[in-house]
Amino acid sequence: MNCVSSFSVNHDTLEKGMYISRIDGDIVTYDIRMKKPNAGDYLSNGAVHTFEHLLATCMRSGELADSVVYIGPMGCRTGFYLLLRNTVSHEDAIRLVKGSFSFVAAFEGEIPGSRRQECGNYLEHDLPEAKSVSLDMLSVLENWAASDLKYE
């Protein structure tokens, strides 16, 4: 069997940040690493769920909405994958992620799509944790540049 590219990254040395995971034709997969792998601190299910709703809402409502293919959580609960069409520059992808984390950090009110009729697990959300992690990631990504998108 082929080795999945994300499994070939040394997770013991991987730090929080944003990385290019892979490029497949016209799709770029970004690894948005919100927690240090294997450090014992992971996103709660409620925070993952809240991020899923808020990141998708924000990214699919902005100027790059047509280029967003997918935003979804990693099973290990250390971050999210963002798939964008390669028509988006790496600099614009970083701006999109920073803007989305700013949106989550400042969000107040009812989480979009969180009503019983709209969501299969509408009770499991954690907005305070999502906001806290967003603030942390904004500090991590503050000076992030396209040259930082490579795994070490």
Looking at region 41-74, which of its residues are touching a His at 6+ places or on another chain (Cβ under 9 Å) and of a type in the set (A, V, I, L, M, F, W, C)?
ALA47
Out of all the residues in region 31-51, which are within 18 Å of ASP136 (Cβ to Cβ) and not in a loop (DSSP other than H, G, I, E, B)?
ASP31, ILE32, ARG33, GLY46, ALA47, VAL48, THR50, PHE51
Which residues, counting only those in region 108-117, are surrounded by fewer than 18 Cβ atoms within 10 Å (Cβ to Cβ) and closer than 17 Å to CYS58 by Cβ?
GLU108, GLY109, GLU110, PRO112, GLY113
Condition check: without any contact (Cβ under 8 Å) to a residue 60 or more places away in the chain, among the hydrophobic types (A, V, I, L, M, F, W, C) and in contact with a Leu (Cβ under 9 Å, 6 or more places away or on another chain). Does LEU83 satisfy that?
no
Working only within region 143-152, note down all residues that are surrounded by fewer than 11 Cβ atoms within 10 Å (Cβ to Cβ) and either among the aromatic types (Phe, Trp, Tyr) or touching a Ser or Thr at 6+ places or on another chain (Cβ under 8 Å) (or both).
GLU152
Among the residues of region 119-142, are any within 22 Å of THR29 (Cβ to Cβ), touching a Ser or Thr at 6+ places or on another chain (Cβ under 8 Å) and modelled with pLDDT under 95?
no
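The values are calculated or read from the model by the stated rules, or taken from the named source; none is laboratory data. Note that the structure is a prediction, hence the values are computed from the model and not measured. When we count neighbours, we look across all protein chains shown, and the Cβ atoms used for this are built from the backbone with ideal geometry, even at glycine.
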